[in-house]
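Everything below concerns the one structure shown next.
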Amino acid sequence: MTVAFFAIFFLSLLFSFVLTRYVRDFASRRGWVAAPSQERHLHASPLPRLGGVAIFVSFSLSMVAAAVMASYIPHLHSAFSLKTLLTILVPASLVFLLGVYDDLYNVGPYVKFAVQALAASMLFMGGLRILNIPVLFGKHQLPWFVGLAFTILWVLAITNAFNLIDGLDGLAAGSALFSTLVAFVVALLNGYPLVTVMSIALAGAILGFLRYNFNPATIFLGDSGSLFIGFLLSALALAGAQKAPTIVAVAIPVVSFGLPILETSLSILRRLISGRPVFAADREHIHHKLLQHGLTHRQVVIVLYAVSAVFALLSLFLLWPTGSSLGLVLAVLGIGVWIGVQRLGYLELGELSRVAQRTFEQRQIVINNLAIRRATEELKAARDCEQIRRVLQAAFSSNDFDGFDVRFKLFAGESQPLFAVEPGAQPRRGELSFHWGKTRESRSLEGLAFWTLSLDLVNSSNRRRGALMVHRLYSQRDLQFDINLLTSAFPVALADALDRALQHTVQVIPRAGQDDVGFVAAQAG
């Protein structure tokens, strides 16, 4: 049996090595090439995209050779199910033809999903299906329509995951090679010869193709290759799951497909957070981010090969599942993925982290917001400048601003309050103002780095009374405050309070030792 497996592998490798070169030259002569027409394209010259043709033909020829070998090898013949083979190959051929058509003429995402869903349904009807999901539903078997939905979702996810990472020379094919080797080892150890033969044949076809696809590539995998490989691997995982133990059937395929699953999850999450279409192409995939960090194309591919190899090795630990091994694998995966994603520097994930942080700090935000809401209500009852000062000082003393200035002017017929003048103050004619600072440093902002939010004070009669300027020193500390509260009802309430205060002559005498608030008077008119 072992000799037969190696014979199939080397035969597929030879077929692929020869056919890839032939397909490359034929496609180039016919002009079936992909030009670098979009910003996300990383190649400099037009290259053929039909590498999947060589992989598909090589795999198919090697499976014919395996069928011939099975007639001479009793152990292989007894387990070589022609029905199961056709159940996988027929829909896989349909997906391959879809990829060829897309490489030549371009197909929309919804048409791709429809054809892939049809192919997944064919697998389901052939007996390759998801029967239960122990993590979610225990040992209960799913109704057929639920199993069909999960089967289609699995096939769509894995098929398009390998298509999504096909952005650098050799990346998708190399990552698929590691996953294929895991499928081979799992099937071999669990005694499923058909999956063993198919996975080793696919590994040989991919390896022969990589000779021409590794950087600098002379031919691309194309959708014909990435969709075919992704679909075939998803089908082999379903086929192997029919006999494998629960943890092997569920966890090993997911972990071994770690890189494409991670890429797909990040892409969907990024686009949902940023409000962009889920199917829109961009230059923010994992390999793009590594390129932005200064790595060359070849270095990025090697790094991601290493990541794929780690996922593959961790998945093989689950062949002998115990509580400690499962926990160790999950811990290593979780920590590694978290650290790696953080180092990539996605802006969307940084924003998600900010939202999470604000959720933990929501109590302080509520306290600060309530202070402004309470001040708005109290200003509606304020009758003099001293009351206004106390309300504003109470509102801003507990939030994240460091100081404020209120500047207002007198209209004709209004009485001028008598204010104490700050030493060195030079107010403008017709303008009154007062200033407050939370700390001694913020009482005088000279020489300090700060930013200011200026709000026009427009009263209920739509007349501009003055301006409120709130100051904040630059800091790494987030602003725990809903700024909309300052820009809505609060300025109107303050302007109306000033209207009422300036209708009467009020004498304000500063309290002894009070050095944080000062009032400035200017000659009206």
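Summary of values
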quantity	calculated
Calculated FRET efficiency for the pair Phe6/Leu153, C-beta based, R₀ 25 Å, to 0.05	0.10
Fewest-first ranking of Lys409, Lys83, using other Cβ atoms within 10 Å as the exposure measure	Lys83, Lys409
Computed lengthening from Ser397 to Ser488, 0.36 nm per intervening residue step minus Cα-Cα distance	30.7 nm
Sorted peptide list for 48-56, 471-479, 11-19, 24-32, criterion being average Cβ within 10 angstrom, highest first	48-56, 11-19, 24-32, 471-479
Placed amide H near Glu284: partners under 5 Å, 5+ positions off or other chain	none
Residues with amide H under 5 Å from that of Leu50, placed H, sequence gap 5 or more	Phe220
Segment Arg343-Asp478, extension gain: residue separation times 0.36 nm, minus the distance between their alpha carbons	46.4 nm
Segments 179-190, 299-310, 202-213 sorted - mean Cβ within 10 Å per residue, highest first	202-213, 179-190, 299-310
Unit charges on C-beta of K, R, D, E only; dipole of region 2-355, Debye	80
Other-chain or far-sequence residues with amide H under 5 Å of Ile130's (modelled H)	Thr151
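Throughout, read-outs are computed from the coordinates displayed, never taken from laboratory work. These figures come from a predicted structure and were not determined experimentally. Ideal geometry is used to build each Cβ from the backbone, glycine not excepted, and the neighbour counts take in all protein chains shown.
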